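Peer 1: Next up is a structure, given as structure tokens.
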Amino acid sequence: MRDVLARMGIVGELFMFLWRRKLYWLIPMVVTLIIFAILIILGSNPATQPFIYTLF
């Protein structure tokens, strides 16, 4: 598990920090923020906008 998180870079370090500090309740919020960030980035790209807009 640590090898996978170590390869993820900053996000992996964040999850390892939350896991070590026993802040399990923060993990769903961080995942939700990451998903929204990915949707915003993909939605701002003109080539992927039609695919993102069909989801909503």
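The values are calculated or read from the model by the stated rules, or taken from the named source; none is laboratory data. Remember, predicted model here, so these are calculated numbers, not experimental data. Note that we place each Cβ from the backbone using ideal geometry, even for glycine, and neighbour counts take in every protein chain shown. These area figures cover heavy atoms from the full protein model, side chains too; ligands, DNA and RNA do not enter into them. Shrake-Rupley method; radii C 1.70, N 1.55, O 1.52, S 1.80 Å.
Peer 1: Report, to one decimal in Å, the Kirkwood hydrodynamic radius for the chain based on all distinct Cα pairs.
Peer 2: That comes to 12.9 Å for the chain.
Peer 1: With a 1.4 Å probe and all protein chains left in place, how much accessible area per residue does the chain have, in Å²?
Peer 2: Dividing the accessible area of the chain by its residue count gives 88 Å².
Peer 1: Each residue of region 9-19 in turn: what ³J(HN,Hα) in whole Hz from Karplus with 6.51, -1.76, 1.60 and θ = phi - 60°, glycine and Pro shown as x?
Peer 2: Whole-Hz 3J(HN,Hα) from phi for region 9-19: x, 5, 5, x, 5, 4, 5, 5, 4, 5, 5.
Peer 1: Right, something else. Working from Cα positions, state the angle (0 to 90°, nearest 10) between the long axis of helix 27-44 and the longest principal axis of the chain.
Peer 2: 30 degrees
Peer 1: Leaving out ligands, DNA and RNA, and with a 1.4 Å probe, what % of the accessible surface on the chain is carbon or sulfur?
Peer 2: 73 percent
Peer 1: Estimate the FRET efficiency between residue 17 and residue 42 by the formula 1/(1 + (r/R0)^6), using the beta-carbon distance for r and 30 Å for R0, to the nearest 0.05.
Peer 2: Step by step, r from the Cβ atoms, then E = 0.65.
Peer 1: If R₀ is 30 angstrom, what is the calculated FRET efficiency for the pair residue 49 and residue 7, using the beta carbon separation as r and rounding to 0.05?
Peer 2: It comes to 0.50.
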